[in-house]
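The values are calculated or read from the model by the stated rules, or taken from the named source; none is laboratory data. All values reported here derive from a predicted model rather than from experimental measurement. Cβ placement follows ideal geometry from the backbone for every residue including glycine, while neighbour counts extend to all protein chains displayed.
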Amino acid sequence: MFNFIDYENWNRKEIYDKFLGYTFSVTTEIDITSFRQNTKAAGYKFYPSICWAIGKTVNSDRDFRFARINGKPGYYDKLDVHFNMLRNDGSNLFTHAITPFDEDFKSFYNRFQKDKADAEGCGKLYNYDKPRMDCVHVSVMTDIIHTALAMSKPAEFSAYNKPDTAFIPFIIVGKFYEKEGKTVLPVTAELHHCVNDGFHTQKLFKLLEQSCREVKL
């Protein structure tokens, strides 16, 4: 369900109007020590596990579920997880799939694994027919430890020139590694300045760490 905001009385109206169309990216490291230990001990793979944590994070706070429909801003009650992966044909090309978010880790994990297996052999860019805005997008670069990431998108791709636009963070995760006795994960978040500032960026990373710590397997 999409909830429209009382735009004229919205306390963020001035900022929204000023920064509509601006995005920024921040890369940091989060502590996933217990998350990695617990999921690995239970036999769970990392990618679906971290996608659950990301889905949990954005669904825990409406600040990360904003969009506009017919030019009017608002927020979704719930987001699903849109993720990418390599195809299994040896081409090194990628594809995308969507898994409905479920608070129950095991249910989400099992559905994710099925959706991923289906998408890997689809032979096309998207393993679904109709694009959706009510998703958090996740991408991975599991073979490198990255410290920064820059992206450039045309207005047509970001849909800023259209009445329907998602303002949901785009999350990229890198290769986790050991550092000072902890397991850390580089994470990049691209955010939309019209709805998210530095305050929200810090909150996003802190909530992601919290989601990782509090996962119930």
**Complete:** Of (1) more than 17 Å from Phe199 (Cα to Cα); (2) modelled with pLDDT of 95 or more, Gly21 fails just (2)
**Request:** Please give the number of the condition Pro131 fails out of (1) modelled with pLDDT of 95 or more; (2) within 18 Å of the chain's Cα centre (by Cα); (3) over 18 Å from Lys45 (Cα atoms).
**Result:** (1)
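Could you please let me know if Thr28 is over 23 Å from Asp134 (Cα atoms), among the polar types (S, T, N, Q) and in contact with a Ser or Thr (Cβ under 7 Å, 6 or more places away or on another chain)? Before the answer, list the steps.
On the way: over 23 Å from Asp134 (Cα atoms): yes; among the polar types (S, T, N, Q): yes; in contact with a Ser or Thr (Cβ under 7 Å, 6 or more places away or on another chain): no.
Criteria not met by Thr28.
I'd like to check something: does the range 27-44 contain any residue that is modelled with pLDDT of 95 or more, at positive phi and not β-branched (Val, Ile, Thr)?
Within the range 27-44, one or more residues are modelled with pLDDT of 95 or more, at positive phi and not β-branched (Val, Ile, Thr).
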**Prompt:** Gly74 passes all but one of (1) in a loop (DSSP other than H, G, I, E, B); (2) modelled with pLDDT of 95 or more; (3) closer than 30 Å to Lys13 by Cα; which number fails?
**Reply:** (1)
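Tell me, please, whether a residue that is surrounded by fewer than 18 Cβ atoms within 10 Å (Cβ to Cβ) and in a helix (DSSP H, G or I) can be found in the range 95-106. Spell out the reasoning first.
Here is the first cut: in the range 95-106, the residues surrounded by fewer than 18 Cβ atoms within 10 Å (Cβ to Cβ) are 100, 103-104, 106.
Filter once more, keeping what is in a helix (DSSP H, G or I): 106.
Checked against the condition, which is being surrounded by fewer than 18 Cβ atoms within 10 Å (Cβ to Cβ) and in a helix (DSSP H, G or I), the range 95-106 yields at least one hit.
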**Request:** Those residues that are surrounded by fewer than 18 Cβ atoms within 10 Å (Cβ to Cβ), part of a strand (DSSP E or B) and touching a residue at least 24 places away in the same chain (Cβ under 8 Å), I need them from the range 164-182; list them, please.
**Result:** Tyr177, Lys179, Lys182
**Item:** Among (1) out of contact with any strand residue (DSSP E or B) (no Cβ under 7 Å at 6 or more places or on another chain); (2) under 26 Å from His200 (Cβ atoms); (3) assigned to a helix (DSSP H, G or I) - the single one Lys40 does not satisfy
**Value:** (2)
**Asked** Are any of the residues in the range 36-54 closer than 28 Å to Cys194 by Cα, surrounded by 18 or more Cβ atoms within 10 Å (Cβ to Cβ) and more than 13 Å from the chain's Cα centre (by Cα)?
**Response** no
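Per-residue answers, yes or no, for (1) in contact with an Asp or Glu (Cβ under 9 Å, 6 or more places away or on another chain); (2) among the aromatic types (Phe, Trp, Tyr):
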site: Asp63; (1), (2): no, no
site: His82; (1), (2): no, no
site: Ser91; (1), (2): no, no
site: Thr99; (1), (2): yes, no
site: Tyr128; (1), (2): no, yes
**From His137, His200, His146, residue being touching a Pro at 6+ places or on another chain (Cβ under 6 Å) and either part of a loop (DSSP other than H, G, I, E, B) or surrounded by 13 or more Cβ atoms within 10 Å (Cβ to Cβ) (or both)** = His146
**Complete:** Filtering the range 12-33 down to residues that are hydroxyl-bearing (Ser, Thr, Tyr) and in contact with a helix residue (DSSP H, G or I) (Cβ under 6 Å, 6 or more places away or on another chain) yields Thr28
